Amino acid sequence: MADDRQQNTHSRLTAPRRRVLAVAALTPVLTGAPAAAGAVPARRAPRALVQPVMTRLADWTDVGRALGRLGDMKRFMYHTGLPRRDLRVFSHGVRIKPALALGTHVSFVRYADHSTLLMGDVVVTEHELQEFIDVLHKHGIMLTAIHKHLLAHEPNVWWIHVHAHGHDPVAVAEGLRAAFDRTGTPPAVPVQAARPGAL
């Protein structure tokens, strides 16, 4: 009888173990992983990275025109800064200058495969947020983050990271402009060289 109990206990302990082993054996089949060589997928050869290419300001004339705002070059990026000078934002009673934390900016980069990448950080108010996002989605521009740069502030402001990648940068710029037109974002101020100060 004692031998029977030991045998029953042994079979009860091993039944779940058998199920675990069966599931482990089937996992490669269910997930599509190769069953050979211990179900370790074959290593893929690393893909070569597509490198950015140097461009000139003149290469971005159509993008600047579509965006409706002038930009400048920052190394290999075509950059447009759009500080929200129209907003009066306060944090703990201190007015936040646009240059500190209210700077919308977008950059375009050209790559060796003739594609273009858009990256940017856009400042919108709570009231502007939903319509701005709707227009971005309509034009195929993605959001990669919605977050805050300040811990406490009034009025309520959001920072949105935008991203797009494709072969028609003018269409992307047109989509951005349509979204900016739903906000109070002012036009970019033309870039001017700083005058040397007299000592």
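Here, each number is a calculation from the coordinates, and none is a lab measurement. These numbers come from a predicted model, not from an experiment. Cβ coordinates were reconstructed from backbone atoms using ideal geometry, including for glycine residues, and neighbour counts include every protein chain displayed.
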Over the Cα atoms, compute the radius of gyration (one decimal) and Dmax (the largest Cα-Cα distance, rounded to a whole number) for the range 72-138, in Å. 15.0, 50
State the extension gain, in nm to one decimal, for the chain segment bounded by L57 and H92, taking 0.36 nm per residue of separation less the distance between their alpha-carbons. 8.5 nm
For A45, put the label point 7 Å out on the Cα→Cβ axis and report which residues of the range 113-157 keep their amide N under 17 Å from it. none
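Sort 96-108, 56-68 for me by packing, meaning the mean count of neighbouring Cβ atoms within 10 Å per residue, highest on top. Walk me through the numbers before you get to the answer.
Numbers: 96-108: 18.5, 56-68: 15.7.
Ranking the peptides 96-108, 56-68 by packing returns 96-108, 56-68.
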With a Förster distance of 22 angstrom and the Cβ-Cβ distance between R65 and L100, calculated FRET efficiency to the nearest 0.05 equals 0.15
